[in-house]
Amino acid sequence: MMKVLRCKCGAKAVFLEGDNFECMGCDICLTTFASDGEYRLLQPHKWSIVFDDQNGTIYLRCSVCLMEDKLGI
């Protein structure tokens, strides 16, 4: 079932089916996405360096929420 979660200031919202992670949230009010006032302080991503064998590229992946970011190499 799809849930709508918002940050504490209401500036951002997400639609999730699964879990919400401590490193996903609003960069304005620095809180996680939650429903019913269960907001927590936003935590930094825990990046690890990943090498893609098929493309030959290196990128970063958060070990908590699996978000990916390009590495400037």
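The values are calculated or read from the model by the stated rules, or taken from the named source; none is laboratory data. Please read all numbers here as calculations on a predicted model, not as lab measurements. As a convention, Cβ positions derive from the backbone with ideal geometry for all residues, glycine included, and neighbour counts pool all protein chains shown.
Below, the figures for the structure above:
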| read-out | value |
| --- | --- |
| Residue that is surrounded by the fewest Cβ atoms within 10 Å (Cβ to Cβ), among those in segment 27-42 that are aliphatic (A, V, I, L, M) and in a loop (DSSP other than H, G, I, E, B) | ILE28 |
| Qualifying residues in segment 13-49 (those that are free of Cβ contacts under 8 Å to residues at least 12 places away in the same chain and not small (Gly, Ala, Ser)) - the one farthest from MET2 (Cα to Cα) | LEU41 |
| Lone unmet requirement of (1) at pLDDT below 90; (2) in a strand (DSSP E or B) for ILE49 | (1) |
